[in-house]
1. Taking the range B:65-108, which residues are of a type in the set (A, V, I, L, M), more than 14 Å from chain A (Cβ to nearest Cβ) and out of contact with any strand residue (DSSP E or B) (no Cβ under 9 Å at 6 or more places or on another chain)?
2. So A:THR33 clears everything in (1) in contact with a strand residue (DSSP E or B) (Cβ under 8 Å, 6 or more places away or on another chain); (2) polar (S, T, N, Q); (3) more than 19 Å from A:GLY189 (Cα to Cα) except one condition, right? Which one?
3. Of everything in the range A:94-140, what is of a type outside the set (Val, Ile, Thr), surrounded by fewer than 15 Cβ atoms within 10 Å (Cβ to Cβ) and not in a loop (DSSP other than H, G, I, E, B)? Give them in sequence order.
4. I need a count of the residues in the range A:27-58 that are facing chain B (nearest Cβ under 9 Å) and touching an Asp or Glu at 6+ places or on another chain (Cβ under 7 Å).
5. Working carefully through the options B:GLU44, B:GLU17, find the one that is within 21 Å of B:ARG154 (Cα to Cα) and touching a residue at least 12 places away in the same chain (Cβ under 8 Å).
6. When only residues in the range A:179-194 that are closer than 25 Å to A:ALA104 by Cα and buried (at least 16 other Cβ atoms within 10 Å of the Cβ) count, which is farthest from the other protein chains (Cβ to nearest Cβ)?
7. Facing chain B (nearest Cβ under 10 Å), in contact (Cβ under 8 Å) with a residue 40 or more places away in the chain and assigned to a loop (DSSP other than H, G, I, E, B), is that true of A:PRO62?
8. Filter the range B:117-150 down to the residues that are in contact with a Lys or Arg (Cβ under 9 Å, 6 or more places away or on another chain), modelled with pLDDT under 95 and in a helix (DSSP H, G or I) and list them by number.
Amino acid sequence: MMNTVDVLEAFKPYRGDALVVPGRGGRHWVPMTNNEGLDAPMGDPAMGGHAGFGFGLALARPERKVILFDSEGDILMSLGMMVTIAEQKPLNFYHFLLDNECYATTGGQPVPNAKNVDYAAIAKGAGYPKALAYNEIEDLKNDLPGIFENPGPIFVALKVYPEVQNEAIGSRRPWQTRTRTEVIQDLRGEFGLA
Amino acid sequence: MDDAAVAVLSPEAVLDEMRKNDVTDVVWLPDSETNWLFLLMQAEPSLRLVGVSREGHACSIAAGLYSGGRTPIILIQNTGMMESGDSIRGWLMSLEIPVVLMVGYRGYTRHGVNKDTAATYTERFLNAFNLSYYLVEGDADAPRISIAFEEAERTKKPVVVLIADEFHGFNR
């Protein structure tokens, strides 16, 4: 198992001018980012949609790498999305999965069949040309350069420690520094769009 | 006017409206009304077709496409629209994505006497979500699609076009 923050720290040197959709890693990524304008920390507009958002962004901006940090709870809600992604084969799309085996933001209840699901196998079966899985941060660090040297779509499943939140939602301190609509506006602004 | 007197909606008219509004990507799931349109869209070089396996997926994909500067349209059936409620709320409405959803109005009969609850709940669903919508039954209504695009852009909201021609044979 790895810490999500360590995963993001390991990834950061390879970010370049990539667009980053940090997903459930947003609260760690927002304070450490080196290019906020190219980030899309969406929070949780509706569970299950991060893969679609990152994928749509990748289709729209083929000149940029798009890095998504998805979660297993999200992708389980939309496994069919992986088939769509595999069909379109965006060469610039890197689909990382932070698998903490639970619904951390609702108190840590296990996701169905939490310890036995092989997400990389599902991605491979859906048609991703390359799918990898890591349990240890050192193995991931060793392979990250090679991952980004290859064309996408690449799926990378990562086992991470759960960071369970059990406070009432109203008493949680928000980590977002921008509203979701500001994030969209900022992204479009980076591309010279109104 | 009886049912038989209503002009049909041709897929060509729908495609023309897409071209007029510079649609770049059609995020869609097949329904019982769109097969001929699918064949035309496939042959249209200005369009990318992004097929989904569940209608709610179309919402976050469209949000990503729009954020990156594309002009997507969502093409689904009313049954799938109702299934997609939370994705419409979260990924389209709350993000202020100005996208048009063309929604096949399965079960629509014009006279309100239908045998399909998909039709019964379609406009109730739209009203519950406070989504603006336009009904398109025949070619004469096709310009309403452009009105929907204009409204979506002006209001920064998703706008629905109900394609209500299954009963008369959009595909036939």
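1. If the condition is that a residue be of a type in the set (A, V, I, L, M), more than 14 Å from chain A (Cβ to nearest Cβ) and out of contact with any strand residue (DSSP E or B) (no Cβ under 9 Å at 6 or more places or on another chain), then B:MET82 is the only one that fits.
2. (3)
3. Scanning the range A:94-140 gives A:GLN109, A:PRO110, A:ALA121, A:GLY125, A:GLU138, A:ASP139.
4. The qualifying residues number 5.
5. So the residue among B:GLU44, B:GLU17 that is within 21 Å of B:ARG154 (Cα to Cα) and touching a residue at least 12 places away in the same chain (Cβ under 8 Å) is B:GLU17.
6. In this case the residue turns out to be A:VAL183.
7. no
8. Those that are in contact with a Lys or Arg (Cβ under 9 Å, 6 or more places away or on another chain), modelled with pLDDT under 95 and in a helix (DSSP H, G or I): B:ALA118, B:ALA119.
The values are calculated or read from the model by the stated rules, or taken from the named source; none is laboratory data. Just so it is clear, the model here is predicted, and its values are computed rather than measured. Counting neighbours? That spans all protein chains shown, and the Cβs are built from the backbone with ideal geometry, glycine included.
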